[in-house]
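Notes follow once the structure below has been shown.
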Amino acid sequence: MRLSSTLQRGLVELPEPPGPIGMYVCGPTVYARAHIGNARPFVIGSWYARWLRLRGYDVTLVHNITDVNDKIYEAAPGASAARAAEATEWYLEDVARFGLDEVDHYPKVTETMDAIIRFIADLVERGFAYEVEGDVYFRVGKHAEYGRLSGQRPDQVEEQEPNARKEDPRDFALWKGNKPDEDTWWESPWGRGRPGWHIECSAMAEQLLGPSFEIHGGGLDLVFPHHENELAQSTARGYEFARIWMHNGMLRFTGEKMSKSVGNVATMQEALDEWGRETLLVFFLTAHWRSPIDYSDETVGAAAARAEGFREVFRNPSRAAPPDAWERFQETLDDDFNTAGALALMHDWRDHELLRRALDAFGLASLADALEAPEELHELARRRQEARAARDFAESDRLRAEIEAAGWEARDEADGYRLVRRS
Ligand SMILES: [Zn+2]
């Protein structure tokens, strides 16, 4: 079992099952309806945890909710806490619709404040952080390995969070003193304020997975500064922190329809309403998790056709696959979780049991399942056949319409009829 890691710049071997495997995937900042791009780290993290569990690993998956942040203060002045609570519900509702119930913990910043403050106090005590007028900054210059994850030379790190009072332009905020336009704050040894963005993930990961764990995931856009800073904070306390860094490629908007609506990009809710969970999951399968994925009417439409192709397999008789088919599928996913390769194998399978098992690995068993028509519809289909035999075409048409209204189609076959779900 091996996985590409940004930190080692190559493939890294996982321990033997059962591990344990602690897995932390950075979640959203909750200030509005989540963007469809936010679905990718959630889906890939959930799928990988699911695959590891199928392969006998003991996995704990953590996906945090950033419910204190500049973006939330900006989006809802004077009502940031209410907005964050509402947008948290939206996010959890949206991701639940994917039907991938693999996340064990969804920690929130507002519920982790004590651990965050203790973490910062420890960094101050160790000389890795310092206070300036109610803010606390991480001392980048003291950390010899800073820049290791993102590949920046320590003396050339980009400036972050400009502030003339900092010792060094590279230093980043761990704690920010309360400002007049920020309507939430917490008491701390440095006065009223709230945490910087990066510290929450170091504190939450440590609280739920321990100081060192296997896999840290998130979008490629988080490598710098977010993950570089998480790694610096945690390793400054003498821990390894995450061993493997799994950064997924970004979702890009490429279609014509999308380019017209700049500034009004698709939310996860809209995408789920428009395409449904099965099509979106098949869409995410089509690209390797490290690669970018192009989101357009054409690419998602092609995924819808592939999903329909899988349903069609189950409408036709099962045909046995080669005996090594599952083994090849397993090898493909064990080797850097190559879902596009797995999809290519599944495409050729007509073996119902095997294909259902493979689809289930991605939460897609529904493509195989919901295909047996209810008994009432069989009754209607039989009556329709009788009506046709008696040349009562009006009655036969009426029954056909009734079957279609229930979402099915009666296809005539040599030896009777077959009920097929309408797509
Ligand atoms: Zn994070």
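The values are calculated or read from the model by the stated rules, or taken from the named source; none is laboratory data. None of these values were measured; they are calculated from a predicted model. Note: ideal-geometry Cβ built from the backbone for every residue, glycine included; neighbour counts use all protein chains shown. Note: areas computed on protein heavy atoms with side chains; ligands, DNA, RNA excluded. Shrake-Rupley method; radii C 1.70, N 1.55, O 1.52, S 1.80 Å.
For segment 69-120, the extents of the C-alpha atoms along the principal axes are 35, 28, 13 Å, listed from largest to smallest.
A viscosity of 1.306 mPa s and a temperature of 10 °C, combined with the Kirkwood radius over Cα pairs in Stokes-Einstein, give a translational diffusion coefficient for segment 1-107 of 104 µm²/s.
Based on alpha-carbon atoms only, what is the radius of gyration of segment 165-209 relative to the globular estimate 2.2 N^0.38 Å? Kindly include the intermediate steps, with their values, before the conclusion.
Working: Rg = 12.4 Å, N = 45, 2.2 N^0.38 = 9.3 Å.
Relative to the 2.2 N^0.38 Å estimate, segment 165-209 comes out at 1.32.
Protection proxy ranking, highest mean first, for peptides 158-168, 3-13: 3-13, 158-168, where packing is the per-residue count of other beta-carbon atoms within 10 Å, averaged.
Between Ala302 and Glu159, what is the FRET efficiency for a Förster distance of 56 Å, r being their Cβ-Cβ separation, to the nearest 0.05?
E(calc), rounded to 0.05, equals 0.85.
Solvent exposure of segment 288-423, expressed per residue, is 53 Å² of accessible area, with all protein chains present and a 1.4 angstrom probe.
Contour minus end-to-end for Asp415 and Lys71, with contour as 0.36 nm per residue of separation and end-to-end as the Cα-Cα distance?
Details: separation 344, 0.36 × 344 = 123.84 nm, distance 6.37 nm.
Gain on stretching Asp415 to Lys71: 117.5 nm.
If I compute solvent accessible area with a 1.4 Å probe over the protein chains, what percent of it on segment 1-143 is carbon and sulfur? If you can, show how the numbers build up before the last one.
Details: 2640 of 5660 Å².
Percent of accessible area from carbon and sulfur atoms in segment 1-143: 47.
For Gly19, the amide hydrogen comes within under 5 Å of the amide hydrogens of Asp58, counting only partners 5 or more places away or on other chains and with H modelled in the peptide plane.
Each 5 Å bin from 0 upward holds the following percent of the Cα-Cα pairs of segment 38-191: 1, 8, 13, 14, 15, 16, 15, 11, 5, 1, 0. Between Gln330 and His378, full extension at 0.36 nm per residue minus the direct alpha carbon distance yields a gain of 13.4 nm. Of all DSSP beta bridges in the chain, what percent run antiparallel (nearest 5)? So the antiparallel bridges in the chain amount to around 50 percent. Using θ = phi - 60° in the Karplus curve 6.51 cos²θ - 1.76 cosθ + 1.60, the 3J(HN,Hα) couplings for segment 134-148 round to x, 9, 10, 10, 7, 8, 4, x, 7, 9, 4, 9, 4, x, 4 Hz; x is entered for Gly and Pro.
Evaluate E = 1/(1 + (r/R0)^6) for Arg118 and Ser212, where r is the Cβ-Cβ distance and R0 equals 22 Å; express this FRET efficiency to the nearest 0.05.
Rounded to the nearest 0.05, the efficiency is 0.75.
Simple point charges give the picture: +1 on the Cβ of Lys and Arg, -1 on the Cβ of Asp and Glu, and for the chain a dipole about the Cα centre of about 540 debye. Relative to the first principal axis of the alpha-carbon coordinates of the chain, what is the inclination of helix 375-389, with its axis defined by its Cα atoms, in degrees from 0 to 90 and to the nearest 10? So the inclination is approximately 30 degrees.
I want to verify the translational diffusion coefficient of the chain in µm²/s; compute it with Stokes-Einstein, Rh as the Kirkwood radius over Cα pairs, at 37 °C and 0.692 mPa s.
Details: Rh = 24.2 Å.
This corresponds to a translational diffusion coefficient of 136 µm²/s.
Pairs of Cα atoms nearer than 8 Å and 6+ residues apart set the relative contact order; for the chain it is 16 percent. Using a probe radius of 1.4 angstrom, the carbon and sulfur fraction of the accessible surface of segment 286-392 is 47%. Accessible surface area normalised per residue over segment 149-248 is 39 Å², counting heavy atoms of protein chains with a 1.4 Å rolling probe.
I'd like to check one number: the per residue accessible area of segment 1-136, probe 1.4 Å, reported in Å² as a whole number. Before the final figure, lay out each step's value.
Details: 5400 Å² over 136 residues.
Normalised by residue count, the accessible surface of segment 1-136 is 40 Å².
Peptide packing for 31-40, 196-205, 403-412, 101-110 was compared via the average number of neighbouring C-beta atoms within 10 Å per residue; ordered from the highest value, the list is 196-205, 31-40, 101-110, 403-412.
Computed log10 I(q)/I(0) for segment 162-300 at 0.09 Å⁻¹: -0.45, from the Debye equation with unit scatterers placed on every C-alpha and solvent omitted. Seen from a random direction on average, the alpha-carbon convex hull of segment 258-393 projects onto 12.0 square nanometres. Measuring between alpha carbons in the structure, the pairs from Lys71/Lys176; Lys71/Lys179; Lys108/Lys176; Lys142/Lys179 lying more than 24 angstrom apart are Lys142/Lys179.
Once the Cβ-Cβ distance between Gln8 and Ala79 is put in as r, and R0 is 41 Å, what FRET efficiency do you end up with, to the nearest 0.05? Plugging the Cβ-Cβ distance into 1/(1 + (r/R0)^6) gives 0.40.
Taking 0.36 nm per residue of sequence separation and subtracting the Cα-Cα distance, how much length would be gained by fully extending the chain between Asp181 and Ala401, in nm to one decimal?
On the way: separation 220, 0.36 × 220 = 79.20 nm, distance 6.07 nm.
That pair, Asp181 and Ala401, stretches by 73.1 nm at full extension.
Between the residues Tyr73, Ala115, Trp51, the greatest Cα displacement towards the positive end of the dipole of segment 35-128, with unit charges on the Cβ of Lys, Arg, Asp and Glu, is found for Trp51.
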